[in-house]
Amino acid sequence: MLYESMSFLYYLNPEKYKLRKWREDNHRNSEQIVDVGEELINEHASKLGDDIWIIYEQVMIAALDCSRDDLAWTCLQELKKQFPGSQRVKRLAGMRLEALEKYEDASKQYDSILQDDPTNTAARKRKISILKAQGKSAEAIRELNEYLEQFVGDQEAWHELSELYINEHDYGKAAFCLEELMMTNPHNHLYCEQYAEVKYTQGGLENLELSRKYFAQALKLNNGNMRALFGLYMSASHIAASPKVNATVKKANVKYAAWATNQINRAYQLAGRGTKENKCSVKAVEEMLESMQITMS
Amino acid sequence: MGEVELSCLAYVKMYLHGCLFPRCSVNGLLLSSSPAGGTVCVTDCVPLLHSHLPLAPITQLALTQVDVWCAQTQQRIVGYYQANACVSDNSPTPCALKIADKIAEQCNNAVLLMIDGGKMSPDYRVPPIVMYERKDTRWTLKDKHTIMLRQWEETREIASQLLDSGDHSLLVDFDSHLDDITRDWTNQKLNAKIAELSSPANGNV
């Protein structure tokens, strides 16, 4: 039933359907949104009914992303007219100021929202984004930590914090954030894989073994995750080559690495079929795997 | 000090890499098909990452694979480029220095190139790049007069053209390759397009 009504919607108004899909999936394909949205607003505004307001918001944000201040301004004016005094529209006005790099003014805008509503998470996060845009990483990290003490369940914030820590090379703290995310999202292969990458980067035998475990876990959750597959291969190879491991551990890791090699080769054989262009990258992988095997034994 | 020449192909792909991921820091490797000694001729580049630049595994993987490919195609890795997400700061990050150090171990006059994000718009008439070379153990700013871009106007024009036509989306970096391994990080298709645009037949010398 739902499938039928979706395709019916699409048939009726494909552009509107596209915009909705992009909203729901949280896609940041701003150029496309501007293309589709601008036409919709200019040509078909009357037919959009109440959806027009959410479309104005979506198009405005996309327009800011594409430096289309003219379009963003138009959308903002329409929203201001329709929703005077709205916090949500105030936030959009703040975002426009950010896009124009008027960070002081934007910050004031968000402060005024927070005065009326101290729990407004969107305004708080925008303030942190300003710090990030200004390159003030240490402050952004501090503010984000404070925010998370209050809003412990905000996944997006935890992930943002992990990224900030990675950029500051603070891998221990990045790992902590990713551990939070893995706990609340045990089926998300990307968090497992990112955690494994951080552990690998930290280095040392213990971290390498952890990284191997989590690369393997990511693969279990999604066997198409190439980063996890390569990661498993590399971590297992390094462990096997380490003078600190006993024969049993070495043997096990040689097996893991061999399995991973197999899988990688198969994946690349499949990928290389047909298209001429991939031959270069396929050959590079083959040789690389061969050369790494030699150093391992 | 040593002279460095940057080819149209290398510049255009670096530039497009930055344009394709305007919200991310991006990096890549600079290659040369010329023999060692004398002027460093950067003839090509391989775009690497647009996410998690400081993390080790994928960087190591990419360096190894590009190394192998270079051996197969008679090229050498002669440098590293990076464009920071934060446009106001184009100084080399610790991870940039680390990777550049590693490259310098194998290549005497390796270069570290930072793309100045703030100067990438068409209004700027000069290449938006800053180059560093290794003196003793530190990376120091290179004298602008030792950096050559032949046919800069044509190169700039080609980069703009590809951006306008949307062809920059043809560019595949190593990150994108890992998302879909049927995509070619050696960018044969894009290379051909750039060669076409820069051929004498198009009025470019």
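The values are calculated or read from the model by the stated rules, or taken from the named source; none is laboratory data. Note that this is a predicted model, so its numbers are computed, not measured. Using ideal geometry, Cβ is built from the backbone for each residue, glycine included, and neighbour counts are taken over all protein chains shown.
The single condition among (1) crowded, with 18+ Cβ neighbours inside 10 Å; (2) closer than 26 Å to A:Y200 by Cβ; (3) away from chain B (no Cβ under 14 Å); (4) of a type outside the set (D, E, K, R) that A:Q155 does not satisfy is (1).
Yes/no matrix, rows are residues, columns are (1) within 18 Å of the chain's Cα centre (by Cα); (2) crowded, with 22+ Cβ neighbours inside 10 Å:
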| site | (1), (2) |
| --- | --- |
| B:L53 | yes, yes |
| B:Q60 | yes, no |
| B:Q75 | yes, no |
| B:S91 | yes, no |
| B:A96 | yes, yes |
| B:T140 | no, no |
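Got at least one residue in the range A:32-51 being of a type in the set (D, E), surrounded by fewer than 17 Cβ atoms within 10 Å (Cβ to Cβ) and in a loop (DSSP other than H, G, I, E, B)? Looking for residues that are of a type in the set (D, E), surrounded by fewer than 17 Cβ atoms within 10 Å (Cβ to Cβ) and in a loop (DSSP other than H, G, I, E, B), one finds at least one in the range A:32-51, hence yes. Taking the criterion of being more than 10 Å from chain A (Cβ to nearest Cβ) and either without any contact (Cβ under 8 Å) to a residue 12 or more places away in the chain or assigned to a strand (DSSP E or B) (or both), the residues of the range B:39-63 that qualify are B:V40, B:C41, B:V42, B:D44, B:C45, B:V46, B:P47, B:L48, B:L49.
Say whether the condition of being in a loop (DSSP other than H, G, I, E, B) and either under 29 Å from B:P57 (Cβ atoms) or within 14 Å of chain A (Cβ to nearest Cβ) (or both) is met by at least one residue in the range B:138-157. Spell out how you get there, then give the answer.
Of all residues in the range B:138-157, those in a loop (DSSP other than H, G, I, E, B) come to B:142-143, B:149-151.
From what is left, the residues that are either under 29 Å from B:P57 (Cβ atoms) or within 14 Å of chain A (Cβ to nearest Cβ) (or both) are none.
The answer is no; no qualifying residue exists.
Is it fair to say A:Y195 is touching a Cys at 6+ places or on another chain (Cβ under 7 Å), closer than 28 Å to A:K132 by Cβ, modelled with pLDDT of 95 or more and part of a helix (DSSP H, G or I)? Don't jump to the end; show me each part of the working.
Numbers: touching a Cys at 6+ places or on another chain (Cβ under 7 Å): no; closer than 28 Å to A:K132 by Cβ: yes; modelled with pLDDT of 95 or more: yes; part of a helix (DSSP H, G or I): yes.
No; evaluated as a whole, the condition is false for this residue.
Quick one: would you say A:E143 is among the acidic types (D, E) and within 22 Å of B:S25 (Cα to Cα)?
Answer is no for this residue.
If you filter the range B:27-38 down to residues that are free of Cβ contacts under 8 Å to residues at least 60 places away in the same chain and of a type outside the set (A, V, I, L, M), you find that the one that is farthest from the other protein chains (Cβ to nearest Cβ) is B:G38.
Name the residue, out of B:D44, B:D67, that is farther than 27 Å from B:G166 by Cα and of a type outside the set (A, V, I, L, M).
Values: B:D44 fails: farther than 27 Å from B:G166 by Cα.
Being farther than 27 Å from B:G166 by Cα and of a type outside the set (A, V, I, L, M) holds for just one of B:D44, B:D67, which is B:D67.
Scanning the range A:72-113 for residues that are among the acidic types (D, E) and assigned to a helix (DSSP H, G or I) yields A:E78, A:E98, A:E104, A:D105, A:D111.
Does any residue of the range A:196-217 turn out to be touching a residue at least 40 places away in the same chain (Cβ under 8 Å) and away from chain B (no Cβ under 13 Å)? Quick ask: steps written out before the conclusion?
Filtering the range A:196-217 for residues touching a residue at least 40 places away in the same chain (Cβ under 8 Å) gives A:205, A:212, A:216.
Narrowing further to those that are away from chain B (no Cβ under 13 Å): A:205, A:216.
Checking the range A:196-217: at least one residue is touching a residue at least 40 places away in the same chain (Cβ under 8 Å) and away from chain B (no Cβ under 13 Å).
Checked against (1) touching a Leu at 6+ places or on another chain (Cβ under 8 Å); (2) exposed (fewer than 12 other Cβ atoms within 10 Å of the Cβ), B:D167 passes all but condition (2). The residues on offer are A:L148, A:L229, A:L144, A:L178, and the sole one that is more than 14 Å from chain B (Cβ to nearest Cβ), in a helix (DSSP H, G or I), among the aliphatic types (A, V, I, L, M) and buried (at least 22 other Cβ atoms within 10 Å of the Cβ) is A:L144.
Consider the range B:158-175 and keep the residues that are small (G, A, S) and in contact (Cβ under 8 Å) with a residue 24 or more places away in the chain. The one that is nearest to the other protein chains (Cβ to nearest Cβ) is B:S169.
One residue alone among A:H169, A:H189 is crowded, with 18+ Cβ neighbours inside 10 Å and within 14 Å of another protein chain (Cβ to nearest Cβ), and that residue is A:H189. Check whether at least one residue in the range A:119-141 is touching a Lys or Arg at 6+ places or on another chain (Cβ under 9 Å), in a helix (DSSP H, G or I) and of a type in the set (V, I, T), and report yes or no. The answer is yes; a qualifying residue exists.
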